[in-house]
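Colleague: My structure is below; once you've seen it, I'll send some questions.
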Amino acid sequence: PARMGLPALALLLAAGLLHTQASPSARSFQLDYEHNCFRKDGAPFRYISGSIHYARVPRPAWRDRLLKMYMSGLSTVQVYVPWNYHETLPRVYDFTGNRDVEAFLDLTAELGLLVILRPGPYICAEWEMGGLPAWLLWKPDISLRTSDPAYLAAVDSWLHVLLPKIKPRLYQQGGNIISVQVENEYGSYYACDYGYLRHLLGSFRALLGSEVVLFTTDSTRAEELRCGTLQGLYATVDFGPGSNVTEAFGAQRHVEPRGPLVNSEYYTGWLDYWGEAHASTSAAWVARGLEDMLQLGASINMQVSPFLQLTSLPWPGADYKDQYKPVTTSYDYDAPLSEAGDPTEKLFAVRTVISKFQPLPVGPMPPASPKYAYGWVALRKVSASPDSGTAPAWPCSTAQHPSLSLQYADLLDVLDVLCPSGPIQSQFPLTFEALKQVHGFVVYHTQLPWDVPDPATLGAPPHSICDRGYVMLQKEYQGTLERDGQTTLHVTGMAGDTLDILLENMGRISFGANTSDFKGLLGNLSLNSRPLSNWLIYPLAIDTAVQQGWPHTALPKSNSGGKMGPAFYTGTFETPGIAWDTFVKFPGWSKGLLWINGFNLGRYWTCRGPQQTLFVPGSVLQVDQPNNITVLELEGAPPTPHLLFLDRPLYNRTLGCSTMATE
């Protein structure tokens, strides 16, 4: 690696602390290749930054999270913009409420934070399809993240909507955005299409101007840096604690011999996959790596503040590493700020390191948000009296046990509500993309064409169940087919018996060899190797129905009355005069989804783990009026269904339904 001139750089950075203000006409943020640093308003500058995902943080909590980051000593925040969060359908845009990125950026400026923007178009972020809209796959032969004209046309259309909102907020324009990333870790993608990167560079320059610093981020692997970098885009790297800092920045120096050292993603923790142990990284390890980089004069962005996605289920993505690995609902990441926004030991360790290199803001760290253990909520069938039975006591809760009067319906009994436009007829199954179904669930319905008196094999071709299929014969749950898992079941029945498969999208691949991750039944089911045909296909709009008040407005009692297989459980509970953050646990439940007051709070999967609770922000709860709870259980509710509201999250560390959760 080239010599870094560290003493001179340290003096330049120290001098730069005295020259952070400038008149609007003099505002500049530039690369200084001679002195290997950034220059802000002409003075040497380096940033210490943390990532925050506004799309995963409830809007009422934006200010709290940003204040905590500021008080940690960060000068800058790094902000992802998920394309699919805003352009939900082609040329249908949503920048309202939790999706108001302009309001979020204005709040960062109000609080005195600089911004590094990551608008993609691909962002990864463990987000559904890496932020790319699933509707791109409505053209099945599209080649994503390449020079494919169809893909570039969609990208250009999006950038012409987004980037004009960004330009007036650039630092040179009087705003607080100091740099903008183009694409993300492109070197890890198979395509290695320099024409695509050149196209993006031209589009960003045309829409943002010639002065803004544009950059790329890749791992320190030589092959990825070769394919992910381009002249005209400043190349940065990413790596975590435990890496050899000198070697890692040496990799950057191979592609950028001069200029500031930058780690654009310093991993303070790691994500969780369903079925694997909860990830954790020691505070001391993180602090040591941070200090090593700061001693070299590097600019650093930490994965400091990822949070739970709140407003809609579909957004957790998946990785593909020899097999499909869906990401948990919680994006806690073992980060310095927790899922609920609480400062952790790791945050204070990071703050102590920062204080060695620059002054900390004056004042106390904002406290953790108050939590409340509302206790047990008993779920009962509609035919049961709300006062019958006794819920178990929860010793840590001071609340009176709120009672939840249960109503119950099998999913197959309410298809007219969940698919009001009716089914689509097809000789063979159609994918989600062919149905223009972006997220959620689809029911595939047919009938047994002949008598099956002896157990016959119901099976699917390899890699054709995307991602989980819940099988019902005559509305009786038979079992689950799973991507990269069980793909056959044995069934018996009579000709004409109904066969239904509820297909669940567990999240499109956000990182891996290919992000073209089609969903649904990608091949035909067969019975003893004989293909089934004549399908009625129901694309379900469950989120829409729940947001509009269903099933609390009208939910019929199930005719079948069973507890196995996909079914809705719903009711209400009241809080004791407060609406504080809480966590809900699902004792004895298998796998499903939770809504409270119409807000989709995501998946639970207690048997698979490691996540055992869902975070419930206080902002979704109502005081002095009933809170509506809806649970869609996919495999089987417990004999006496109940939920447990806690004041802390729970995780387990092993796969298996018999595993007990540990605190």
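Colleague: Out of Ile542, Ile537, I need the residue that is β-branched (Val, Ile, Thr), at pLDDT 95 or above, in contact with a Leu (Cβ under 8 Å, 6 or more places away or on another chain) and over 16 Å from Leu632 (Cβ atoms). Which one?
Modeller: Ile537
Colleague: Filter the range 166-190 down to residues that are assigned to a helix (DSSP H, G or I) and open to solvent by 20 Å² or more (accessible area, probe 1.4 Å), then give me how many there are.
Modeller: 6
Colleague: Picking from Leu144, Leu137, Leu208, Leu152, which residue would you name as being under 22 Å from Thr236 (Cβ atoms) and either out of contact with any strand residue (DSSP E or B) (no Cβ under 7 Å at 6 or more places or on another chain) or not hydroxyl-bearing (Ser, Thr, Tyr) (or both)?
Modeller: Leu208
Colleague: Give the residues of the range 191-237 that are more than 23 Å from Arg39 (Cα to Cα) and part of a loop (DSSP other than H, G, I, E, B), sorted by residue number.
Modeller: Ala191, Cys192, Asp193, Ser219, Thr220, Arg221
Colleague: Continuing with this model, one more query. Filtering the range 609-663 down to residues that are buried (at least 20 other Cβ atoms within 10 Å of the Cβ) and hydroxyl-bearing (Ser, Thr, Tyr), which residue is modelled with the highest pLDDT?
Modeller: The extreme case among them is Thr613.
Conditions tested, residue by residue: (1) surrounded by 15 or more Cβ atoms within 10 Å (Cβ to Cβ); (2) in contact with a strand residue (DSSP E or B) (Cβ under 8 Å, 6 or more places away or on another chain); (3) touching a residue at least 60 places away in the same chain (Cβ under 8 Å).
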{"position": "Thr488", "(1), (2), (3)": "no, yes, no"}
{"position": "Met494", "(1), (2), (3)": "no, yes, no"}
{"position": "Asp497", "(1), (2), (3)": "yes, yes, no"}
{"position": "Asn505", "(1), (2), (3)": "yes, yes, yes"}
{"position": "Ser510", "(1), (2), (3)": "yes, yes, yes"}
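Colleague: Tell me, which residue of the range 81-134 that is part of a loop (DSSP other than H, G, I, E, B) and charged (D, E, K, R) is modelled with the lowest pLDDT?
Modeller: Looking at the filtered set, the residue picked out is Glu126.
Colleague: Something else about it: Consider Thr246 against the criteria (1) of a type in the set (Ser, Thr, Tyr); (2) closer than 23 Å to Thr268 by Cα; (3) over 24 Å from the mean Cα position of the chain (by Cα); (4) outside any helix (DSSP H, G or I): it satisfies all of them except one. Which criterion is unmet?
Modeller: Looking at each condition in turn, Thr246 falls short on (4).
Colleague: Within the range 573-611, can you find the residues that are closer than 22 Å to Asp413 by Cα and either assigned to a loop (DSSP other than H, G, I, E, B) or of a type in the set (Ser, Thr, Tyr) (or both)?
Modeller: Once the filter is applied, which keeps residues that are closer than 22 Å to Asp413 by Cα and either assigned to a loop (DSSP other than H, G, I, E, B) or of a type in the set (Ser, Thr, Tyr) (or both), the range 573-611 yields Trp589, Ser590, Gly598.
Colleague: Please go through the range 431-463 and give me each residue that is part of a loop (DSSP other than H, G, I, E, B), closer than 15 Å to Trp535 by Cβ and either among the hydroxyl-bearing types (Ser, Thr, Tyr) or open to solvent by 50 Å² or more (accessible area, probe 1.4 Å) (or both), ordered by number.
Modeller: Ala434, Pro449
Colleague: Just for the range 220-245: of the residues that are open to solvent by 20 Å² or more (accessible area, probe 1.4 Å) and free of Cβ contacts under 8 Å to residues at least 24 places away in the same chain, which one is farthest from Ser210 (Cα to Cα)?
Modeller: The qualifying residue farthest from Ser210 (Cα to Cα) is Asn244.
Colleague: Among the residues of the range 518-538, how many are in contact with a strand residue (DSSP E or B) (Cβ under 8 Å, 6 or more places away or on another chain), more than 15 Å from Pro449 (Cα to Cα), open to solvent by 10 Å² or more (accessible area, probe 1.4 Å) and not in a strand (DSSP E or B)?
Modeller: Number of matching residues: 2.
Colleague: Please indicate, with yes or no, whether at least one residue in the range 416-425 is in contact (Cβ under 8 Å) with a residue 24 or more places away in the chain and of a type in the set (D, E, K, R).
Modeller: No.
Colleague: Condition test on Ala248, is it open to solvent by less than 20 Å² (accessible area, probe 1.4 Å), free of Cβ contacts under 8 Å to residues at least 40 places away in the same chain and among the hydrophobic types (A, V, I, L, M, F, W, C)?
Modeller: yes
The values are calculated or read from the model by the stated rules, or taken from the named source; none is laboratory data. As the structure is a prediction and not an experimental result, all values here were calculated from the model. All Cβ positions, even for glycine, are placed from backbone atoms using ideal geometry, and neighbour counts span all protein chains on display. For accessibility, only protein heavy atoms count, side chains too; no ligands or nucleic acids. Shrake-Rupley method; radii C 1.70, N 1.55, O 1.52, S 1.80 Å.
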